[in-house]
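Chemist: There's a structure below that I have some questions on.
The values are calculated or read from the model by the stated rules, or taken from the named source; none is laboratory data. Note that the structure is a prediction, hence the values are computed from the model and not measured. With ideal geometry, Cβ positions are generated from the backbone for all residues, glycine too; neighbour counts draw on all protein chains shown. Just so you know, the surface numbers come from the protein's heavy atoms only, side chains and all, with ligands and any DNA or RNA stripped out. Shrake-Rupley method; radii C 1.70, N 1.55, O 1.52, S 1.80 Å.
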Amino acid sequence: MSILEVIRRSADFLARKGVASPRLQVELLLAHLLQMPRMKLYLSFERVLAGAELDALRALVQRRGQREPLQYIAGSTSFCGLEIAVSRDVLIPRPETELLAERAWIFLQKAAGVPRALDLGTGSGCLAIALACHAPQAEICATDFSGPALELARRNAETHQVSGRIQFCAGDLLAAAPAEAPFDLIVSNPPYIPTARIGTLEAEVRDYEPHSALDGGADGQDFYRRIAAEAGARLRPAGCLMVELDEEGAEGTRQIFQSAGWIIEGVEKDYNGHPRILIARPAAKPQDGASVDELTHEKHG
């Protein structure tokens, strides 16, 4: 059977299973199996697949038809241009989180000296690794309560040759972070889906991703309350906090931080126009008078 015929038949199968963008999904699975760029498939449509290749692809397509995420099947995903290994022990990094990473590394790039950053609930390590790669002068600490997640994060850090600059700490949020010195930046993409909403999520998320990385409690705000109450004491006076938001709970999260005494520098929207990143600082004024906005945005003449 030719590559083109395999793509057509497999796409029809995935469409019947309710998988979004079925042809794209098959092309990505086939490119992964054949270890070739997806666009090269278009130059190889007439190639006949060997029996072993057909059997292997059939197994992958069956898994995708059961709504297992493509990223788990392939074992990795791209985040800020970095290939990040993923498994069912960790949340799959989302494009929206790349905005958080970019804002965070711009802040670190402009900070004086050797800035220290803390990533709460690191999961696959994608945020911490992106910061280490784009702000090589920074020291990074990354926490997670999941042992398997931390092991995967360490392997990802080794792959990108930044393991010597990231300290991985096992434990619950800020309690796991070393207390010997304050941080210049705290970032987090915490669980923020209200418990009752998890059952309504698409099957790829609901049935495969770890609920511990999704479930934010009854109103989705449990982790934000804890971070708002505890993070200020761990930041330098001129420090900054950046957290990813649930678009439906963004206003409630802003109110939680404001009520806890944080100065809200801004709530940034993602590429779809949804509120996605909350940027805040401790109530004390930065000693150098610089705002977080000045440190996270490039100046244009």
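Chemist: Would you please calculate the Kirkwood hydrodynamic radius of segment 2-77 over all C-alpha pairs and express it in Å, rounded to one decimal?
Modeler: The Cα-based Kirkwood calculation yields 12.2 Å.
Chemist: Out of Gln221, Cys133, Gly51, whose Cα points farthest toward the positive end of the dipole of the chain (charges: +1 Lys, Arg; -1 Asp, Glu; placed on Cβ)?
Modeler: Gly51
Chemist: Normalising by the residue count of the chain, find the relative contact order in percent from Cα pairs under 8 Å and 6+ residues apart.
Modeler: Across the chain, relative contact order equals 14 percent.
Chemist: Report, in deg cm²/dmol and to the nearest 500, the calculated mean residue ellipticity at 222 nm for the chain, where each DSSP H run with n ≥ 4 adds -39500 (n - 2.57) and the sum is divided by the residue count.
Modeler: The helix contribution divided over the chain gives -11500 deg cm²/dmol.
Chemist: Can you compute the charge dipole magnitude of segment 1-137 about its Cα centre, using +1 on each Lys and Arg Cβ and -1 on each Asp and Glu Cβ, nothing else charged? Give it in debye, rounded to the nearest 20.
Modeler: Its charge dipole is roughly 260 debye.
Chemist: Okay, moving on. Accessible area per residue for the chain in Å², computed with a 1.4 Å probe and the full protein assembly in place, what is it?
Modeler: 45
Chemist: Then there is this: For Ala15 and Glu230, what is the calculated FRET efficiency with R₀ set at 30 Å and r taken between the beta-carbons, to the nearest 0.05?
Modeler: That pair, Ala15 with Glu230, gives E of 0.05.
Chemist: Continuing with this model, one more query. Who wins for biggest fluctuation among Ile186, Ile277, Ile263 in a Gaussian network model of the chain, springs between alpha carbons below 10 Å?
Modeler: Ile263
Chemist: If you place +1 on the Cβ of every Lys and Arg, -1 on the Cβ of every Asp and Glu, and leave all else neutral, what size is the dipole of the chain about its Cα centre, to the nearest 20 Debye?
Modeler: Dipole size: approximately 540 debye.
Chemist: A further question follows. Taking amide H positions as placed in the peptide plane 1.01 Å from N, state which residues far from Arg276 in sequence (5 or more) or on other chains have amide H under 5 Å from it.
Modeler: Glu268, Lys269, Asp270
Chemist: Tell me which of Leu70, Leu118, Leu241 sits at the most positive position along the dipole axis of the chain, charges placed on C-beta atoms (Lys, Arg +1; Asp, Glu -1).
Modeler: Leu70
Chemist: Pop a pseudo-label 7 angstrom from the Cα along the beta-carbon direction at both Ala283 and Leu54 and give the gap in nm to one decimal.
Modeler: 7.1
Chemist: Taking Cα pairs under 8 Å and at least six residues apart, what relative contact order does segment 98-202 come out at, in percent?
Modeler: 31
Chemist: So how many Lys-Lys pairs in the chain land under 28 Å Cα to Cα, not counting same-chain pairs under 8 apart?
Modeler: Lysine pairs meeting both conditions in the chain amount to 7.
Chemist: On to the next question. Of the options Gly18, Thr159, Gly199, report the single residue whose Cα projects farthest towards the positive end of the charge dipole of the chain (beta-carbon charges: Lys, Arg +1; Asp, Glu -1).
Modeler: Checking the options against the dipole of the chain, the answer is Gly18.
Chemist: Turning to a different aspect of this structure: Place a +1 charge on the Cβ of each Lys and Arg in segment 88-156 and a -1 charge on the Cβ of each Asp and Glu, then give the dipole magnitude about the Cα centre in debye, rounded to the nearest 20.
Modeler: Here the size comes out at about 100 debye.
Chemist: In terms of solvent-accessible area of protein heavy atoms at a 1.4 angstrom probe, what is the ranking of His32, His160, highest value first?
Modeler: Result, largest first: His32, His160.
Chemist: What is the gain in length, in nm to one decimal, between Phe145 and Glu158 on full extension, counting 0.36 nm per residue of separation less the C-alpha to C-alpha distance?
Modeler: 2.7 nm
Chemist: Against the longest principal axis of the chain, how steep is helix 3-16, in degrees 0 to 90 to the nearest 10, with axes from Cα atoms?
Modeler: 60
Chemist: Using only protein heavy atoms and a 1.4 Å probe, report how much of Arg38 is accessible, in Å² to the nearest 10.
Modeler: 80
Chemist: Using θ = phi - 60° and the Karplus form 6.51 cos²θ - 1.76 cosθ + 1.60, what ³J(HN,Hα) does each residue of segment 194-210 get, whole Hz, x for Gly and Pro?
Modeler: Each residue of segment 194-210 in turn: x, 3, 5, 7, 4, x, 9, 6, 4, 4, 4, 8, 4, 9, 10, 7, x Hz.
Chemist: Along Cα→Cβ, 7 Å out, is where each label goes; now give me the distance between the ones at Ile264 and Arg63 in nm to one decimal.
Modeler: Label at Ile264, label at Arg63, 4.3 nm between them.
Chemist: May I pose another question? Given a 1.4 Å probe and every protein chain left where it sits, what share in percent of the accessible area of the chain is carbon and sulfur?
Modeler: That fraction is 51 percent.
Chemist: I'd like the antiparallel share, as a percent to the nearest 5, of DSSP beta bridges with both residues in the chain.
Modeler: In the chain, DSSP labels about 45 percent of beta bridges as antiparallel.
Chemist: Here is a follow-up. Computed over the Cα atoms of segment 40-93, what is the convex hull's projected area averaged over all directions, in nm²?
Modeler: Averaged projected area of segment 40-93's Cα convex hull equals 5.1 nm².
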